[in-house]
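For reference, the structure discussed in these notes is given below.
The values are calculated or read from the model by the stated rules, or taken from the named source; none is laboratory data. Everything numeric here is computed off the predicted structure, so don't read it as measured data. Heads up, the Cβs are rebuilt from the backbone with ideal geometry, glycines too, and the neighbour counts pull from every protein chain shown.
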Amino acid sequence: MAGGGYSAGDLRRDLAAVRAAGGGGVNVVARVDGPGGTVLRARQGTAGVGSTAPVPWDPEFRVASTSKTFTAVVVLQLVAEGRLSLDDTVERWLPGVVHGNGNDGSRITVRDLLQHTSGIYDYITDPGIQDKLLNHFDEYRYDATPPSRLVAIAMRHAPLFTPPPKGSPRRWAYSNTNYLLAAMIAEKAGGVGWRELVENRIIAPLGLRRTYIPGENPYLIGPHERVTIDGPGGEPVDLTEESFQHTADSGVVSTPSDLDTFFRALASGRLLPAAQWALMRQTVAYDDLPVPPAGKRGGYGLGLRIVPLTCGGVYYMHEGDGFGVYGRPAVDAAGGRAVTVSVTSTTALVDEARLDKAVQTLTDHALCGVRR
């Protein structure tokens, strides 16, 4: 898995394929960070609809569900310090929060939350929330619903399944609600808020100068792209400023260079002791992303996907998909080489399955050193 044969020209060609997979109307940027400070970068598109300025080289963007990896690291750090256990139940830390309609927090562990094996309903799929986001975005773009309220919305729905007894095979179903609950537990165990936990334990120690958690502040601070999609009536809707992605499942803002730094630090053992890093990589099967070029999916660990490479070995990643924003950071198993691809829309929402295939190919090429 040398990766060293991959050139800036290769990256540009792979990124062109990514843009084509996005329908040609997306703005894209990619960055590869390797050993010895080597950097490859490529970009295509503009900073937004109507702009003639190019995409910023290292744009800030809402990393969406990649935030889950940050949250999982904080939880595992607290586990390493003996402040909580992965086998603790949700009921122990949040009594009465997960209940009703068949939900039972006494049967769900912290591990289940981080690994999406809890069966808890995903609040983002609630019809009322979907209606707000899809049909009334402008009206609700600054609606920063508290995590506890979002969990309560999820509790209106029956779980998809109930986790089996310890030692039995686990079922998997992705749910953003899991990470709201995991962060609420981390706040109790750590004694400060989720934002402070991430800032003090990850952002500051790694010197991630352009990674931050804006909370209810809807604005991005540094250079970034404008995000636009077609509204219900075909009219363009600018999604750049919003507050609904403010929680532990989606609330981090970062850049390709900072994400490469974060994932390289994680894979090289700078963020977790060896025991907790090993726990993070214990996986169950997932089925929600396309099969990568290696021909098999790999597994989902604790806030981390493990994906086979065509050249042997694996890489670690976690996707981040928001409205009009798509991010894919990844790192090789040794932490030596990382690649991040960021895509923003300018028209309709993209075909993510098609886009995934193109980004998976770019990632495999960049980490294996495959020349186009």
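Observations
- Within the range 45-84, the set of residues being among the hydroxyl-bearing types (Ser, Thr, Tyr), at pLDDT 95 or above and closer than 21 Å to Glu242 by Cβ comprises Ser65, Thr66, Ser67, Thr71.
- In this structure, Gly25 does satisfy being in contact with a Gly (Cβ under 9 Å, 6 or more places away or on another chain), surrounded by fewer than 18 Cβ atoms within 10 Å (Cβ to Cβ) and modelled with pLDDT under 95.
- Screening Val359 on (1) touching a Phe, Trp or Tyr at 6+ places or on another chain (Cβ under 6 Å); (2) in a helix (DSSP H, G or I) shows it passes everything except condition (1).
- Restricting the range 142-176 to residues that are among the polar types (S, T, N, Q) and over 17 Å from Gly301 (Cα atoms), the residue that is surrounded by the most Cβ atoms within 10 Å (Cβ to Cβ): Thr145
- The helices (runs of 4 or more DSSP H) falling completely within the range 1-119 that include 2 or more residues that are farther than 30 Å from Gly312 by Cβ and in contact (Cβ under 8 Å) with a residue 12 or more places away in the chain map to 67-80, 90-93, 110-115.
- Checking Arg297, Arg270, Arg264 one by one, the residue that is within 30 Å of Ala47 (Cα to Cα) and either modelled with pLDDT of 95 or more or part of a loop (DSSP other than H, G, I, E, B) (or both) is Arg264 and no other.
- If you go through the range 319-345 and pick out every residue that is in a loop (DSSP other than H, G, I, E, B) and surrounded by fewer than 24 Cβ atoms within 10 Å (Cβ to Cβ), you end up with 6.
- Of all residues in the range 68-83 being over 16 Å from Asp260 (Cβ atoms) and polar (S, T, N, Q), the one that is farthest from the chain's Cα centre (by Cα): Gln77
- Among (1) buried (at least 18 other Cβ atoms within 10 Å of the Cβ); (2) under 14 Å from Asp143 (Cα atoms), the one test that Glu241 misses: (1)
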